[in-house]
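Here is the structure we will look at.
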Amino acid sequence: MFRKILFLSIISALAIGVTSFTYVNNQPKPTKKTVKKTKAKKSTQPESSSTQSANEAKITWYNMSDGYAKAKKEKKVLVVDVYTNWCTWCKVMDKWTYDNHGISKKMNEYAVAVKFNPEVNGNHNVNGQVLSSDQLALYLNKGSRIPGYPHTFMWKDLSDNNKIDSYSGYVDSTVFNVYLNKMIQQ
């Protein structure tokens, strides 16, 4: 009985593999006309910049030092998106949460957005202290290691790190909007 199940499983796997191989290899090859060359700009740490178009508002992302200073000066909520370059769900959150028009519009009006990759070494000026990336991660998460990525911190009273709200994992735009509204209304 076990051999029969094993044999059928192997035959099924082979059939799927052959079908996939045949499909992929029978697709038309790209020509010079169909291939567009684009250069992607890679950045390990975002700078103070914005990308805006007439139809679509994009979030203006800052590094931690600039974002903290701006949020403190303007008395806005500081939203820190903690990500890594290898994190798939971080990219999903960028696309489906942060690229949401309603979220980006609200973030630009009521918050200062920071992108922070704790795997990139750097110095960050926060609350009168210069912190390494490891120290900043511990500071934001109140002395604990960040349990996973993405991780979002929302912080309104910038003089007190005990008042930082922490959200672990992917947060869709609907739930993110609730969290952001709660922080704005404090």
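Values in this text are rule-based calculations from the coordinates and carry no lab data. Small disclaimer: the values here were computed from a predicted structure and weren't measured. Because the Cβ atoms are built from the backbone with ideal geometry, glycine has one as well, and the counts that use them run over all protein chains shown.
Of the residues making up region 154-171, those that are under 12 Å from the mean Cα position of the chain (by Cα) and surrounded by 13 or more Cβ atoms within 10 Å (Cβ to Cβ) are 168, 170, 171. Tell me, which residue of region 98-115 that is more than 24 Å from residue 75 (Cβ to Cβ) and out of contact with any Lys or Arg (no Cβ under 9 Å at 6 or more places or on another chain) is surrounded by the fewest Cβ atoms within 10 Å (Cβ to Cβ)? Only one residue tops the list, namely 101. Cβ-Cβ distance below 7 Å, separation of 6 or more or different chains: which pairs start in region 94-110 with a residue that is under 14 Å from residue 179 (Cα atoms) and end on one that is among the polar types (S, T, N, Q) and buried (at least 19 other Cβ atoms within 10 Å of the Cβ)? Filtered contacts from region 94-110: 98/104; 103/97.
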